[in-house]
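Chemist: Take this structure, written in structure tokens, and hold onto it; I'll ask about it next.
The values are calculated or read from the model by the stated rules, or taken from the named source; none is laboratory data. Keep in mind the model is a prediction, meaning the values are calculated, not measured. Virtual Cβ from ideal backbone geometry, glycine too; neighbours counted across all protein chains shown.
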Amino acid sequence: MTSSPGPESLEHARFAVVDVETTGVRAQNGGRILEVAVAILEGGTIHLAFEALLDPGTPIPPWVTRLTGITDGLVAGRPRFGDVVAGLGYALDAGVFVAHNARFDWRFLAAECVAAGVPVPGGKPLCTVRLTRRLVPELRHRGLDHVAAFFGVENPARHRAFGDALATAHILRALIGRARERGVETLEQLIEVHERPRHRMRNSECGMRNVSGEVEPRANSHVNSAFRIPHSEF
């Protein structure tokens, strides 16, 4: 019998922070990804691990071009999602999937995986909107611009996947700092904070410390519910 690995410390956890730019607001209504990026946060350092401008195979609506600056001419001749999915999988490999409004990014990636004929990854992502709601309750507006301004994160490439992924990674680092101030030291505990209903998020709970100041172990860990994409699945 082998022993179970101990909880993964936040210091050693690897986060794959994702952003997508799309041709629409709903993947189920035919929206496609036209740009995707992954920024890695690990050991407190951040770097851009993957970036791809894609041909979505459909005309880009004028409002998307106005928002992102991405035109039909800019994506002409670019690869399709299926051409880059292996590289994307490598960037996401062994990292906890994170995004701002993560459900949006995850649904688009899942839809593109189906269209490309590759397995749709399982699990649940970490959402920095949700973490902000639980760790920064004083912040009323939680859009990317508002949260970035709160933490002093600059984003000169707003509404481009690489700019927003990097900005979100810096926000995540700041949120982890806030969580650690409240006694959160492991990935398991951070996910528990993320999953906890808002009405239970009192300061005494978020700290996860007992009266002696030690971190208490938690039953029913959600650590395995974090969205991880093994490279082999691509």
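Chemist: Can you pull out the residues in region 108-132 that are of a type outside the set (Val, Ile, Thr), part of a helix (DSSP H, G or I) and surrounded by fewer than 16 Cβ atoms within 10 Å (Cβ to Cβ)?
Modeler: Scanning region 108-132 gives Ala110, Ala115, Ala116.
Chemist: Restricting to region 139-165, name every residue that is over 16 Å from Ala102 (Cβ atoms) and assigned to a helix (DSSP H, G or I).
Modeler: Correct list: Asp145, His146, Ala148, Ala149, Phe150, Phe151, Phe162, Gly163.
Chemist: While we're on this one: Please count how many residues of region 83-102 are modelled with pLDDT of 95 or more and charged (D, E, K, R).
Modeler: 1
Chemist: To continue, here is another question. Please go through region 27-49 and pick out each residue that is in contact (Cβ under 8 Å) with a residue 60 or more places away in the chain, out of contact with any strand residue (DSSP E or B) (no Cβ under 8 Å at 6 or more places or on another chain) and not aliphatic (A, V, I, L, M).
Modeler: Those that are in contact (Cβ under 8 Å) with a residue 60 or more places away in the chain, out of contact with any strand residue (DSSP E or B) (no Cβ under 8 Å at 6 or more places or on another chain) and not aliphatic (A, V, I, L, M): Gln28, Gly44.
Chemist: Can you pull out every residue in region 79-106 that is among the basic types (Lys, Arg) and surrounded by fewer than 16 Cβ atoms within 10 Å (Cβ to Cβ)?
Modeler: Correct list: Arg103 only.
Chemist: Also, I was wondering about something else. I'd like the residue in region 121-161 that is in contact with a Ser or Thr (Cβ under 7 Å, 6 or more places away or on another chain) and modelled with pLDDT under 95 and, out of all such residues, is farthest from Thr68 (Cα to Cα).
Modeler: Top of the filtered list is Gly123.
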